[in-house]
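Only one structure is covered here, and it is reproduced in the block below.
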Amino acid sequence: MMKKSRRSFLKVAGIAAIGLGAAPAMNFASTNAAHPVKSKNQTALTAHRWGMVIDTNKVTEQVVEHVMEACHKAHNVPDFNHEVDEEKFPNTRPVNHKQELKWIWEEHFKYAFPDKEDEFLAEKFLDLPFLVTCNHCKNAPCVQACPTQATFKREDGIVLMDYHRCIGCRFCMAACPFGARSFNFRDPRPFIEEISPGFPTRTKGVVEKCNLCSERLAKGELPHCVEASEGAITVGDLEDPESEVRALLNENYTIRRKQSLGTEPSVYYVM
Amino acid sequence: MLEIAIKGSKSYWLWIVFLLAVMGAGAFVYIDQYMNGLMITGMSRDVSWGFYIANFTFLVGVAAGGVMVVIPYYLHNYEKFHRITILGEFLAVASLVMCLLFIVVDLGQPTRVLNILLYPSPGSMLFYDMLVLNGYLFLNIVVGWKMLEAERNQVEPVWWTKPLVYLSIPFAIGIHTVTAYLYCGLPGRGYWLTAILAPRFLASAFAAGPAFLIILCYLIKKFTKFDPGWEAIQTLAKIVCWAIIANLFFFLCEVFVVFYSGIPSHEAHLTYLLFGYHGYNALVPWMWTALILMFTGAVFLIIPKLRNNKTLLPITCGMIVIGAWIDKGLGMISGGFVPSPLHHVTEYAPTGKEIIITLAVYATGFLILTILFKLATQVKEEVNG
């Protein structure tokens with residue numbers, strides 16, 4: 001007993017000595033760099049204000065399907081139609097489809113643009129699928145409403161969420177004029193077919209929504225929806241006059257959802 | 001003083017045990033909600049607030065209504081309210097505890113609730129709501145307790161209770177104003193996006209709060225030896241009368257603006273509530289019941305003969321409380337979410353589990369109310385007896 005404690009004392013003392021010896025060297029190393037620098041991936045895609053242009057002429061049912069699947073799979077968004085693996089998740093209760101989650105989905109014109117409902121609307125628009133998602137508004141009401149800053153706006157305009165800070169009050173859902181937000185009414189994991197390792201799964205009791213694939217932009221990759229859209233979706237810097245999105249906005253007549261509310265959506269629709 | 005609460009008659013203890021049983025049942029169901037999430041409720045992606053927030057909103061009103069006895073007594077020296085001021089303050093305490101409980105049971109991640117303090121967000125109305133609700137609760141506990149203690153010892157209350165009382169008046173207005181601001185500052189919700197929302201909330205609060213207090217005065221008279229005084233009750237009834245008329249008038253203003261201007265995003269909600277929308281009409285009978293109850297209640301209170309009728313008055317007050325509860329609870333919250341911002345219609349109804357948890361929160365409030373009222377009435381009996 002005695003021996004052992006002496007040995008452990010020596011061990012601790014030894015480690016402490018190493019520490020003491022290392023300290024000056026560490027200090028030296030740190031004083032060498034005048035300012036601590038946050039390293040940024042040089043290949044990351046950046047913008048002053050990210051925006052999205054959706055060419056409605058190119059959005060077909062098939063494109064919608066591919067886009068939704070790519071986004072939801074990559075971000076581990078649960079699918080309530082998925083058959084639960086009873087062995088892994090025993091006693092999973094039946095789902096309430098009204099409590100579903102979605103980041104990007106399809107709406108008809110009159111739902112995507114309820115303020116532009118028109119009984120004499122051109123027929124070609126009536127059954128056209130419109131892709132809707134978070135608008136990453138310039139004046140985002142959800143950011144304003146959040147009592148914990150779990151929803152926040154990045155300098156580049158992307159509205160992001162901290163799933164570990166969210167208290168699940170759902171004030172942001174009431175605030176969003178676009179129904180872009182979903183709440184995890186239950187543990188989402190039984191309804192994820194295959195967990196994709198590139199993005200964290202969420203827990204029950206937090207809100208979630210489209211993040212414009214910020215995790216991919218950081219790696220220099222375009223969002224999943226852009227890649228799956230066969231050219232229908234373009235993202236880029238709204239504030240850069242030379243950007244592809246600005247070229248599209250220049251050449252085409254575009255509309256935004258509920259413009260009159262003044263939230264300044266960053267998603268444009270080419271008509 | 002608390003020792004008074006552990007001495008009581010058989011019926012007192014039966015009532016306490018009953019409340020504890022309801023609380024126990026609710027706690028049991030809440031464990032289910034805590035483990036499995038808010039999936040056990042009837043809420044959905046489109047209707048993301050439900051019964052909990054509806055009752056929260058209503059009870060903020062009941063709490064604010066307490067100020068209607070404080071103002072006449074402290075600002076106008078209306079002596080008749082001397083006996084019931086403490087009841088108004090204690091009713092506010094019980095209501096606020098229920099409000100805070102309703103917020104907590106509504107949270108998806110209740111263990112993270114302190115994030116509101118850790119990351120204060122002055123842009124969020126919920127942040128201010130937390131400040132004023134807790135502030136008003138604190139003020140009422142301190143003031144109520146100190147006043148009662150002074151009364152028991154037959155001394156003047158400590159000098160600093162007076163400024164706290166005056167401070168509690170703007171706080172009472174504040175809790176309901178900020179609660180209205182939670183809703184009326186949201187750009188995409190046509191039903192709530194109206195400047196009259198906070199005044200309307202206050203009007204219905206000043207009706208429902210005192211009306212409930214009148215009912216409580218009747219119960220106190222029946223079950224204790226303390227008499228709150230018929231004249232005080234009569235004055236309260238007049239306050240209820242004015243407030244419920246103001247509430248109905250504000251509602252009428254809202255109806256006029258919405259239907260005469262005909263802006264669809266505002267019209268759709270009231271159409272849903274009053275007549276049904278695209279064949280969905282779950283709340284239509286409720287809303288008309290509420291309007292009839294409040295309107296009839298107002299008529300019963302305007303006519304002096306009916307207002308002075310001792311048997312009718314508690315029934316009238318019951319009508320007004322229920323009417324305001326439907327209007328502000330069920331209608332206000334569900335009505336704001338239906339139709340959704342995309343004009344889809346998803347209706348909402350609370351589940352059985354949701355209702356049990358709600359009842360348990362009410363039972364907790366009534367337990368606090370019973371104990372505080374027992375203290376108050378007993379002290380008054382001692383002093384007057």
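Every residue in the stretch B:23-39 that is within 11 Å of another protein chain (Cβ to nearest Cβ) and surrounded by fewer than 24 Cβ atoms within 10 Å (Cβ to Cβ), please. Once the filter is applied, which keeps residues that are within 11 Å of another protein chain (Cβ to nearest Cβ) and surrounded by fewer than 24 Cβ atoms within 10 Å (Cβ to Cβ), the stretch B:23-39 yields B:Asp32, B:Gln33, B:Tyr34, B:Met35, B:Asn36, B:Gly37, B:Met39. Can you tell me which residue among A:Gln149, A:Gln144 is outside any loop (DSSP other than H, G, I, E, B), facing chain B (nearest Cβ under 8 Å) and either closer than 30 Å to A:Glu227 by Cβ or not basic (Lys, Arg) (or both)? Every option except A:Gln144 fails the conditions. The single condition among (1) within 14 Å of chain A (Cβ to nearest Cβ); (2) open to solvent by less than 20 Å² (accessible area, probe 1.4 Å) that B:Leu117 does not satisfy is (2). A:Glu119 - would you say it is open to solvent by 40 Å² or more (accessible area, probe 1.4 Å), away from chain B (no Cβ under 12 Å) and either within 22 Å of A:Val206 (Cβ to Cβ) or of a type outside the set (Phe, Trp, Tyr) (or both)? Criteria met by A:Glu119. Tell me yes or no: at least one residue of the stretch A:123-131 is in contact with a Cys (Cβ under 7 Å, 6 or more places away or on another chain), part of a strand (DSSP E or B), within 13 Å of chain B (Cβ to nearest Cβ) and open to solvent by less than 10 Å² (accessible area, probe 1.4 Å). Checking the stretch A:123-131: not a single residue is in contact with a Cys (Cβ under 7 Å, 6 or more places away or on another chain), part of a strand (DSSP E or B), within 13 Å of chain B (Cβ to nearest Cβ) and open to solvent by less than 10 Å² (accessible area, probe 1.4 Å). On inspection, A:Arg186 qualifies as of a type in the set (Lys, Arg), within 9 Å of another protein chain (Cβ to nearest Cβ), part of a loop (DSSP other than H, G, I, E, B) and open to solvent by less than 20 Å² (accessible area, probe 1.4 Å). Note on the stretch B:259-269: residues that are in contact with a Gly (Cβ under 9 Å, 6 or more places away or on another chain) and open to solvent by less than 50 Å² (accessible area, probe 1.4 Å) amount to 3. Taking residues in the stretch A:76-101 that are without any contact (Cβ under 8 Å) to a residue 40 or more places away in the chain and facing chain B (nearest Cβ under 10 Å), and partners anywhere that are open to solvent by less than 80 Å² (accessible area, probe 1.4 Å) and part of a loop (DSSP other than H, G, I, E, B), the pairs with Cβ atoms closer than 6 Å and at least 6 places apart or on different chains are A:His97/A:Phe80; A:Lys98/B:Ser44; A:Lys98/B:Thr346.
The single condition from (1) at the interface with chain B (Cβ under 8 Å from one of its Cβ atoms); (2) free of Cβ contacts under 8 Å to residues at least 60 places away in the same chain; (3) not β-branched (Val, Ile, Thr) that A:Met161 fails is (1).
Confirm whether B:Tyr272 is among the hydroxyl-bearing types (Ser, Thr, Tyr), within 30 Å of B:Leu342 (Cβ to Cβ) and open to solvent by 70 Å² or more (accessible area, probe 1.4 Å). No.
The condition (being within 24 Å of A:His66 (Cα to Cα) and within 14 Å of chain B (Cβ to nearest Cβ)) is satisfied by just one residue among A:Glu215, A:Glu208: A:Glu208. The helices (runs of 4 or more DSSP H) located wholly in the stretch B:283-340 that include 1 or more residues which are open to solvent by 50 Å² or more (accessible area, probe 1.4 Å) and polar (S, T, N, Q) occupy B:284-302. Scanning the stretch B:239-253 for residues that are open to solvent by 10 Å² or more (accessible area, probe 1.4 Å), within 11 Å of B:Met68 (Cβ to Cβ) and either at pLDDT below 95 or among the β-branched types (Val, Ile, Thr) (or both) gives a single hit, B:Ile239. Any residue that is open to solvent by less than 40 Å² (accessible area, probe 1.4 Å), under 19 Å from B:Tyr181 (Cβ atoms) and touching a residue at least 24 places away in the same chain (Cβ under 8 Å) - is there at least one of those in the stretch B:139-149? Among the residues of the stretch B:139-149, not one is open to solvent by less than 40 Å² (accessible area, probe 1.4 Å), under 19 Å from B:Tyr181 (Cβ atoms) and touching a residue at least 24 places away in the same chain (Cβ under 8 Å), which makes the answer no. Name the single residue that is most open to solvent (accessible area, probe 1.4 Å) among those in the stretch B:153-182 being in contact with a Lys or Arg (Cβ under 9 Å, 6 or more places away or on another chain) and farther than 19 Å from B:Phe201 by Cα. My answer is B:Trp160.
Could you say which residue among B:Phe256, B:Phe201, B:Phe223, B:Phe206 is over 14 Å from B:Thr316 (Cα atoms), open to solvent by 10 Å² or more (accessible area, probe 1.4 Å), under 19 Å from the mean Cα position of the chain (by Cα) and of a type outside the set (Gly, Ala, Ser)? Going through B:Phe256, B:Phe201, B:Phe223, B:Phe206 in turn, just one is over 14 Å from B:Thr316 (Cα atoms), open to solvent by 10 Å² or more (accessible area, probe 1.4 Å), under 19 Å from the mean Cα position of the chain (by Cα) and of a type outside the set (Gly, Ala, Ser): B:Phe206.
Annotation: B:Phe56 fulfils all but one of (1) open to solvent by less than 40 Å² (accessible area, probe 1.4 Å); (2) aromatic (Phe, Trp, Tyr); (3) away from every other protein chain (no Cβ under 14 Å); the unmet one is (3). In the set (1) open to solvent by 10 Å² or more (accessible area, probe 1.4 Å); (2) assigned to a loop (DSSP other than H, G, I, E, B), the condition left unmet by B:Leu216 is number (2). Residues being open to solvent by 10 Å² or more (accessible area, probe 1.4 Å), closer than 30 Å to A:Pro188 by Cα, in contact (Cβ under 8 Å) with a residue 12 or more places away in the chain and out of contact with any Lys or Arg (no Cβ under 9 Å at 6 or more places or on another chain) are represented in the stretch B:40-51 by at least one member.
Kindly indicate whether any position in the stretch A:168-178 is crowded, with 22+ Cβ neighbours inside 10 Å, farther than 30 Å from A:Glu61 by Cβ and in contact with a strand residue (DSSP E or B) (Cβ under 6 Å, 6 or more places away or on another chain). The answer is yes, given that some residue of the stretch A:168-178 is crowded, with 22+ Cβ neighbours inside 10 Å, farther than 30 Å from A:Glu61 by Cβ and in contact with a strand residue (DSSP E or B) (Cβ under 6 Å, 6 or more places away or on another chain).
Which of the residues that make up the stretch A:218-237 are buried (at least 22 other Cβ atoms within 10 Å of the Cβ) and either within 14 Å of chain B (Cβ to nearest Cβ) or closer than 17 Å to A:Cys137 by Cβ (or both)? Once the filter is applied, which keeps residues that are buried (at least 22 other Cβ atoms within 10 Å of the Cβ) and either within 14 Å of chain B (Cβ to nearest Cβ) or closer than 17 Å to A:Cys137 by Cβ (or both), the stretch A:218-237 yields only A:Val235.
Do we find a residue being part of a loop (DSSP other than H, G, I, E, B) and either within 20 Å of the chain's Cα centre (by Cα) or modelled with pLDDT of 95 or more (or both) anywhere in the stretch A:50-67? There is no residue in the stretch A:50-67 that is part of a loop (DSSP other than H, G, I, E, B) and either within 20 Å of the chain's Cα centre (by Cα) or modelled with pLDDT of 95 or more (or both). Could you say whether any residue in the stretch A:201-217 is outside any loop (DSSP other than H, G, I, E, B) and open to solvent by 30 Å² or more (accessible area, probe 1.4 Å)? Yes, the stretch A:201-217 contains at least one residue that is outside any loop (DSSP other than H, G, I, E, B) and open to solvent by 30 Å² or more (accessible area, probe 1.4 Å).
The values are calculated or read from the model by the stated rules, or taken from the named source; none is laboratory data. Source: prediction; values computed, not measured. Backbone-built Cβ (ideal geometry, glycine too); neighbour counts: all protein chains shown. For the accessible areas, the whole protein counts, side chains as well, though only heavy atoms, and no ligand, DNA or RNA atoms are used. Shrake-Rupley method; radii C 1.70, N 1.55, O 1.52, S 1.80 Å.
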